[in-house]
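Heads up, the thing below is written out as structure tokens.
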Amino acid sequence: MCLAIPGKIVEITAQLDDTFRSGKVSFGGINKQVNLRMVPEAGVGDYVMVHVGVAISVVDEDEAQKVFSYLKEMGEVDELNEELKSKN
Amino acid sequence: MKYLSEYRDPEMVEVFIREIHRITTKPWTLMEICGGQTHSLVKNGILDMLPKEINMVHGPGCPVCVTSISVIDEAIHLAKQPGTVLCSFGDMLRVPGSAKSLLEVKAEGADVRILYSPLEAVQLAKDNPDKQVVFFAVGFETTAPANALSVIQADHLRLNNYSILASHVLVPPAMEAILGDEENRIDAFLAAGHVCTIMGMEEYYPIVEKYQCPIVVTGFEPVDLLQGILMAVQQLEAGIYKLENQYSRSVQREGNKMAIETITEVFDVGDRAWRGLGNIPQSGYEVNERYRKYNARLKFNLDLPAAEENKDCISGDIMKGLKKPRQCPNFGTRCVPEHPLGAPMVSSEGACAAYFHYSNSSIQEPVSTL
Ligand code: SF4
């Protein structure tokens, strides 16, 4: 139940005060109303993790790339690509 | 999301699996805390791919599994009151209380509704001023800001017909209870990514030091879980222990300041009884004095007798990592998802249900040392 799903903010719909800041977030094309109080820094175009109707964090795109650069550091990805190429 | 498919990429998964196999030389027991992680590990067949030395055990991070029978009885009691609407996350409906489940009282005519968010319950209260709307607020730290926010919103709207039945549980005290158990055999933890998204990482440093136990804050996708496992095994094989963050795209060391403020505005920390684990000091949230009129326990003078746990369910041993679901004599026989004896067979995040639905017989059970 702690699952949070990443979605993209497409519109800020209400900014009455901090509690009621909300927006439309797109989850693969399906839009949902989401409360944005916990992510004051987030704007249209940002990715947020949404849990039970509330955005709980902004996804850091640089950090999101880290896992893959880690793999690259291990040299494994190149090796794997080579392997895949040779398979094809 | 652009990166989501990458985190499920089978080729990436394979690279991590290979690296874990390469570095593992000794037997290690790792516990993932979160039920969402358990679900992902079992569903994606990751347990089958790990070296046989690595024993994954499944922790208490499933709110449905740890909500005590007494609290479910309270929810059922409230649901039966005329003019009351009891709202809950879906999974809670099928969990057996001491006599019935919420689903059964719903079938008997009680107004029980499944909602996606507590904020929908506030709207329901606003739209139905003649009804008392109660939200069954279970969950870990991840869910606490949303539940707290519902109280703040109800207060803004000056609603007199909204309250919550809070049964919030906290991860760090449960980890300490597990590590402090004399039978404990856990060598490292994968901490729950979204709990740390809210609360940050500070609470875990003392646990790492006190129990000399590596903890890796980990996400939920297959690649996340495998990297978390790899980071933990690297530490164990090197004989070191520290707190690391695999899930840095969502977790910052200090957590989410606004979310923590929202929680502390509405909740106080107090003792909490966990289904299967018993009472754990300072391990739950309850509505504080300031917002007491939104506390369903006080509003409806709840004072029910404490309920007995079902002795046939060994969920406590499973959540402490001492046993696996298949070691329960009732698994798949007297206890199946349609007729659950215990909560871990109900929720999709419960270890028993995950094994029942997804795992095949090739999953190795550890040789019991008990
Ligand atoms: S199989 Fe059923 S009875 Fe056994 S531990 Fe799991 S939930 Fe409890």
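The values are calculated or read from the model by the stated rules, or taken from the named source; none is laboratory data. Not measured: the values here are computed from a predicted model. A quick note on method: Cβ atoms are made from the backbone with ideal geometry, for glycine too, and the neighbour counts reach across all protein chains shown. Each accessible area value is taken on the protein alone, full model and side chains, heavy atoms only, with ligands, DNA and RNA left out. Shrake-Rupley method; radii C 1.70, N 1.55, O 1.52, S 1.80 Å.
With all protein chains present, how much of the accessible area of the protein assembly as shown (probe radius 1.4 Å) comes from carbon and sulfur, to the nearest whole percent? Show your work: numbers first, answer last.
Working: 9280 of 18730 Å².
The C+S portion of the solvent-accessible surface of the protein assembly as shown is 50 percent.
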Original post:
Tell me, in nm to one decimal, what length is gained between residue B:185 and residue B:317 on full extension, where the rule is 0.36 nm per residue of separation less the Cα-Cα distance?
Top reply: 46.3 nm
Original post:
Reachable aspartates and glutamates from residue B:311, Cα under 18 Å, same-chain residues fewer than 8 places away excluded?
Top reply: B:73
**OP:** With a Förster radius of 60 Å, plug the Cβ-Cβ distance of residue B:18 and residue B:128 into 1/(1 + (r/R0)^6) and report the FRET value to the nearest 0.05.
**Re:** 0.55
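Any of A:66/B:242; A:8/B:242; A:24/B:80; B:52/B:323; A:66/B:323 with alpha carbons more than 26 Å apart? Name them for me. Could the numbers behind the result be given before it?
Working: A:66/B:242 20 Å; A:8/B:242 34 Å; A:24/B:80 36 Å; B:52/B:323 17 Å; A:66/B:323 35 Å.
Correct reply: A:8/B:242; A:24/B:80; A:66/B:323.
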Original post:
In straight Cα distance, which aspartates and glutamates are under 12 Å from residue B:43, not counting same-chain residues fewer than 8 positions off?
Top reply: B:221, B:349
**OP:** Compute the long axis of helix B:144-156 from its Cα atoms, compare it with the longest principal axis of the Cα atoms of chain B, and write down the angle in degrees, 0 to 90, nearest 10.
**Re:** 20
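Give me a single rounded figure for B:33-39: the average over its residues of other chain Cβ atoms within 10 Å of their Cβ. Intermediate values should be presented prior to the final figure.
Numbers: counts 1, 3, 3, 4, 2, 0, 1.
The per-residue average across the peptide is 2.
By accessible area of protein heavy atoms, probe 1.4 Å, what ranking do B:294, B:211 get, highest first? Mind showing how you got there, number by number?
Details: B:294 5, B:211 65 Å².
Highest to lowest solvent-accessible surface, that is B:211, B:294.
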**OP:** Could you tell me how many degrees, from 0 to 90 and to the nearest 10, lie between the Cα long axis of helix B:69-79 and the main elongation axis, the longest principal axis, of the Cα atoms of chain B?
**Re:** 30
**OP:** Determine the relative contact order of the range B:130-207: mean sequence separation of Cα pairs under 8 Å and six or more apart, normalised by residue count, in whole percent.
**Re:** 39
**OP:** Could you work out the relative contact order of chain B, using alpha carbon pairs under 8 angstrom and six or more residues apart, expressed as a whole percent?
**Re:** 23
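Given Cα pairs under 8 Å that are at least 6 residues apart, what percent is the relative contact order of the range B:215-370? Kindly include the intermediate steps, with their values, before the conclusion.
Numbers: 140 pairs, mean separation 18.2, N = 156.
In percent, rounded to a whole number, it is 12.
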Original post:
Which angle from 0 to 90°, rounded to the nearest 10, does the C-alpha axis of helix B:171-180 make with the longest principal axis of chain B?
Top reply: 50
Original post:
For the protein assembly as shown, what is the calculated [θ] at 222 nm in deg cm²/dmol (nearest 500), taking -39500 (n - 2.57) for each run of four or more DSSP H residues and dividing by its residue count?
Top reply: -10000 deg cm²/dmol
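Run through the range B:106-149 and list the GluC sites (Glu not before Pro) located in a DSSP loop whose Cβ has at most 16 other Cβ atoms within 10 Å. Provide the component values of the computation, followed by the final result.
Details: sites: B:108, B:120, B:141; in loops: B:108, B:141.
Answer by residue number: B:108.
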